[in-house]
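The values are calculated or read from the model by the stated rules, or taken from the named source; none is laboratory data. Note that the structure is a prediction, hence the values are computed from the model and not measured. Cβ: placed from backbone, ideal geometry, glycine included. Neighbour counts: every protein chain shown. In case anyone asks, the SASA skips ligands and DNA or RNA and just uses the protein heavy atoms, side chains included. Shrake-Rupley method; radii C 1.70, N 1.55, O 1.52, S 1.80 Å.
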Amino acid sequence: MIIKVAEKAGFCFGVKRAVDMAVDFTAKNEKLYSYGQLIHNDQVTEKLESNGLIKTDDLSNLENQPVLIRSHGVGKEVYELETKQSLELIDCTCPFVKKVHRIVDEHYNKGYRIIIIGNKEHPEIIGINGWCENEGIIVSSPAELPTLDEGNYCVVAQTTLKIEIWTSVLEILKQSKGHFEFFNTICSATSERQEAVRKLAPTVDLMIVIGGYHSSNTRKLYEICKELCPETIHVEKKSELVMTNMKKYDIIGITAGASTPNWVIQEIIDFLKDLQ
Ligand code: F3S
């Protein structure tokens, strides 16, 4: 059995930064809260929680407490709690997501309408929408675009959006009424991982995509791999592989989403090596 690991598999810069900050601040603070799940990976957040981090989805009853802001970011109103409730916010928002917040904030204040291309349920999109008073037009495909009137529009993307969706929405917008300013805010970490699996998946018998089931970029890696290698599976951890007969595959490819830690990837590689 040959095991091939995709280039750029695992932690991206923004997730690594958030986890490093969380480890550091958990050690320094007796009580530390995280507003929502810090990153979309249960193994990592369970480990942080076992070291004392407290996850909460409701900040309304907290005062004078340190709180981590998740890597996906939050809306403007959460930052106002620093003064309203004396919260000490420790901002683990990925700097690339922060950049989207700045673009949206600046253009909204200049009177632009904001178009956000992405999944409206995803925390990153909910956070971005919070920088334009939750008035953004959120679409995940060209078919969801409403009829637009003349006016100024600022267009941004979820950082993990597939480039094909960005391009197809842009094509329609360019033929619509209105003045558009486009900001391709897709993160290169996402496109690099997608590019790497496009090369790897067609060359293997089985593709294993490792990452959280809620992780948007992991799910997109899975979709791309599945198109190029019908035998593709998505797992979060090694124990999920035990039921699958791995020995029948000659070449196994591995990739992992941007919030998957190296130790989870390594556990799976070691498991496969042990089968050989
Ligand atoms: Fe940030 Fe890009 Fe990762 S936006 S969290 S570096 S996928």
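With a Förster radius of 30 Å applied to the C-beta separation of residue 276 and residue 226, the computed FRET efficiency comes to 0.70. Each other residue within a Cβ distance under 13 Å of residue 53 adds +1 if Lys or Arg and -1 if Asp or Glu, for a net charge of +1. Computed over the stretch 1-52, the P(r) curve from all C-alpha pair distances, binned at 5 Å from the origin, holds 4, 17, 27, 21, 11, 7, 6, 4, 2, 1 percent per bin.
Across the accessible surface of the stretch 1-150, with the other protein chains kept in place and a 1.4 Å probe, carbon and sulfur atoms take up 47 percent.
Amide H contacts under 5 Å for residue 251: 2, 205, 206, restricted to partners 5 or more places along the chain or on a different chain, H placed in the peptide plane at 1.01 Å from N.
Among rounded, prolate and oblate, which fits the stretch 1-103 when a ≥ b ≥ c are the square roots of the eigenvalues of its C-alpha gyration tensor, a/c under 1.5 means rounded, and a/b larger than b/c means prolate? Walk me through the numbers on the way to the answer.
On the way: a/c = 2.69, a/b = 1.56, b/c = 1.72.
Since a/c reaches 1.5 but b/c is at least a/b, the shape of the stretch 1-103 is classed as oblate.
For a quick protection proxy, order the peptides 55-67, 118-130 by their average other-Cβ count within 10 Å, most packed first.
118-130, 55-67
A simple spin-label model places pseudo-atoms 7 Å from Cα toward Cβ; at residue 64 and residue 77 they are separated by 2.6 nm. Histogrammed with a bin width of 10 Å, the alpha carbon distances of the chain distribute as 7, 27, 29, 23, 11, 3, 0 percent, first bin at zero. How high is the FRET efficiency from residue 163 to residue 263, r the C-beta distance, R0 30 Å, rounded to 0.05? My answer for the efficiency is 0.50. When restricted to Cα atoms, the stretch 182-276 yields an Rg and a Dmax of 13.4, 50 Å, respectively. Annotation: residue 113 carries an accessible surface of approximately 110 Å², with a 1.4 Å probe and no ligand, DNA or RNA atoms counted. From the largest down, the stretch 46-94 spans 31, 23, 15 angstrom on the principal axes of its Cα atoms.
At what distance in angstrom do the alpha carbon centres of the stretch 235-276 and the stretch 199-216 lie from each other? So the separation of the two Cα centres works out to 10 Å. The residues of the stretch 93-202 present an accessible area of 47 Å² per residue when probed at 1.4 Å with all protein chains retained. Full extension of the segment from residue 88 to residue 2, taken as 0.36 nm per residue of separation minus the current Cα-Cα distance, would add 26.0 nm.
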